[in-house]
1. At a Förster distance of 30 Å, what's the computed FRET efficiency of Asp49 paired with Leu25, Cβ-Cβ distance as r, to 0.05?
2. Using the number of other C-beta atoms within 10 angstrom as an exposure proxy, rank Ser102, Ser13 with the fewest first.
3. Can you put Glu80, Glu45 in order of Cβ neighbours within 10 angstrom, beginning with the fewest?
4. Going by how many other beta carbons lie within 10 Å of each one, how would you line up Leu75, Leu44, fewest first?
5. Find out how many positive minus negative residues lie around His10, taking Lys and Arg as positive, Asp and Glu as negative, among other residues whose Cβ is under 13 Å from that of His10.
6. Given +1 on the Cβ of Lys and Arg, -1 on the Cβ of Asp and Glu, and no further charges, what dipole in debye does the chain carry about its Cα centre, rounded to the nearest 20?
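No lab work stands behind these numbers, since they all come straight from the coordinates. Quick caveat, the model's predicted, so the values are computed rather than measured. Heads up, the Cβs are rebuilt from the backbone with ideal geometry, glycines too, and the neighbour counts pull from every protein chain shown.
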Amino acid sequence: MKILHTADIHLGSNTYGRIDPETGLNTRLLDFKRSFDFMVERALEEDIDLFLFCGDAYRTADPTPTQQRTFAECLRPVAERGIPIVMIVGNHDHPVSFGKASALDIFGFLQGEVHVFRQPDR
């Protein structure tokens with residue numbers, strides 16, 4: 001079984017970026033997208049069986065819609081290929097208040113086999 005494992009990308013860490021005049025997006029966000037796209041392309045070439053994301057997709061538990069869209073765009077080719085995606089909510093993804101959705105919960109609604117885990121099953 002071939003598994004791609006990644007974590008701790010902390011999307012939204014824009015400390016050293018600037019606004020790209022062509023896209024209007026922060027250059028750090030564009031760097032992330034290029035790197036993530038490369039990783040996904042390589043994973044698809046290698047015909048992976050499972051995509052495992054182990055938390056901390058974002059810098060905070062309140063990512064911007066642009067950050068969420070970018071992450072979803074990056075995951076789309078994996079989901080479209082029918083490869084199961086398992087996402088574990090990290091401490092940066094988890095809301096402070098009880099009952100609120102985590103920053104990754106929305107991805108459980110992607111078409112295909114996408115599984116988001118907030119806590120271990122008992």
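1. Result of the calculation: an efficiency of 0.40.
2. Ser13, Ser102
3. Glu45, Glu80
4. Placing the least packed residue first, the sequence is Leu44, Leu75.
5. -2
6. Numbers: 13 positive and 18 negative charges, 72 e Å.
That gives a dipole near 340 debye.
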